[in-house]
Amino acid sequence: MPANKTMGPTQWAMLLVLSVLWGGSFFFIDIALRELPPLTLVLLRVAGGAAILRGVLRATGARLPKGAVIWRSFFCMALINNVIPFTLLAWGQTHIASGLASILNATTPLWTVLAAQRLTDDEKATPAKIVGVCLGFSGVAVMIGAQAMNGAGTATIAELACLAAPLSYALGGIYGRRFGAMGIAPLQAATGQLVAAAAVLLPVA
């Protein structure tokens, strides 16, 4: 399915709100990790999100789709887009500063451009895209501040974990394109993957 190439005021506003929520989450995760182990925190995140979205789904009169193929896709999406990246980031933040983790996570668009170049037919990289994501990454680093890099190199494994998380997000974004082709609405897909993520994490956490 071809991606929408244009964004209106509503889409830009939604992107701004998402950026604030996504960026601010690193600060709150850092606080929560002082009291909770990483897997427990990740479980609470996905279970809470699943509960909220189930309520929204009911309020709109929609239901979660059924079928083994659909739910297998939900579980695959949950692993790629929730369980793996959330766990890597939460564990990584137990060893490095939340600012550094957020900078590493900001490589998601770069990974997405590279993954889309390899795995899609309609989202090929262009010079403008490459320059854009590099400028975006640089902007995030400037806003976070140079002091966030003070711990760089002292916890290499944690840094690599936080760098692998956005790669997982990028693959999840590409994998999730299939839900549109399956006739599954975005709200259903989001709810299904969070329910699946909670089911995976519950016995582990």
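The values are calculated or read from the model by the stated rules, or taken from the named source; none is laboratory data. The structure displayed is predicted, hence computed values, not measured ones. Cβ placement follows ideal geometry from the backbone for every residue including glycine, while neighbour counts extend to all protein chains displayed. Side chains included, ligands, DNA and RNA excluded: accessible areas come from the protein's heavy atoms. Shrake-Rupley method; radii C 1.70, N 1.55, O 1.52, S 1.80 Å.
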For this session: Any chance you could count how many residues in the range 114-123 are part of a helix (DSSP H, G or I), in contact with a helix residue (DSSP H, G or I) (Cβ under 6 Å, 6 or more places away or on another chain) and open to solvent by 20 Å² or more (accessible area, probe 1.4 Å)?
Result: 1
Exercise. Residue check, ARG54 against (1) within 21 Å of ALA205 (Cβ to Cβ); (2) among the charged types (D, E, K, R); (3) in contact with a helix residue (DSSP H, G or I) (Cβ under 8 Å, 6 or more places away or on another chain); (4) modelled with pLDDT under 95, all met but one. Which one?
Worked result: (4)
Seminar exercise, completed: Exception for GLN93 within (1) open to solvent by 30 Å² or more (accessible area, probe 1.4 Å); (2) polar (S, T, N, Q); (3) within 19 Å of ALA32 (Cα to Cα) falls at (1)
Exercise. Taking interchain pairs and intrachain pairs at least six residues apart, which have beta carbon atoms under 9 angstrom, with the first residue in the range 178-205 and of a type in the set (Phe, Trp, Tyr) and the second not in a helix (DSSP H, G or I)?
Worked result: PHE179/ALA185
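For the range 20-31, which residues satisfy the criterion of being in contact (Cβ under 8 Å) with a residue 12 or more places away in the chain and open to solvent by less than 30 Å² (accessible area, probe 1.4 Å)? Spell out how you get there, then give the answer.
Step one: filter the range 20-31 for residues in contact (Cβ under 8 Å) with a residue 12 or more places away in the chain, giving 23, 26-27, 29-30.
Once the filter is applied, which keeps residues that are in contact (Cβ under 8 Å) with a residue 12 or more places away in the chain and open to solvent by less than 30 Å² (accessible area, probe 1.4 Å), the range 20-31 yields PHE26, ILE29.
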Exercise. For THR60, which of the numbered conditions (1) out of contact with any Lys or Arg (no Cβ under 8 Å at 6 or more places or on another chain); (2) of a type in the set (Ser, Thr, Tyr); (3) open to solvent by less than 70 Å² (accessible area, probe 1.4 Å) fails to hold?
Worked result: (3)
Exercise. Counting just the residues of the range 152-189 that are open to solvent by less than 30 Å² (accessible area, probe 1.4 Å) and farther than 24 Å from LEU114 by Cβ, which one comes out farthest from the chain's Cα centre (by Cα)?
Worked result: ALA155
Seminar exercise, completed: Of (1) aliphatic (A, V, I, L, M); (2) open to solvent by less than 40 Å² (accessible area, probe 1.4 Å); (3) more than 21 Å from GLY172 (Cα to Cα), ALA51 fails just (2)
Exercise. Among the residues of the range 32-45, is there at least one that is within 14 Å of the chain's Cα centre (by Cα), surrounded by 15 or more Cβ atoms within 10 Å (Cβ to Cβ) and modelled with pLDDT of 90 or more?
Worked result: yes
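So, PHE86, is that one at pLDDT 90 or above and touching a helix residue (DSSP H, G or I) at 6+ places or on another chain (Cβ under 6 Å) or not? Lay out the reasoning, then the answer.
On the way: at pLDDT 90 or above: yes; touching a helix residue (DSSP H, G or I) at 6+ places or on another chain (Cβ under 6 Å): yes.
It is true that PHE86 is at pLDDT 90 or above and touching a helix residue (DSSP H, G or I) at 6+ places or on another chain (Cβ under 6 Å).
One line per residue, one yes/no per condition, for (1) within 25 Å of ASN82 (Cβ to Cβ); (2) part of a helix (DSSP H, G or I); (3) at pLDDT below 85:
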residue	(1), (2), (3)
ALA125	no, no, yes
GLY132	no, yes, yes
GLY136	yes, yes, yes
ALA141	no, yes, yes
ASN150	no, yes, yes
THR154	no, no, yes
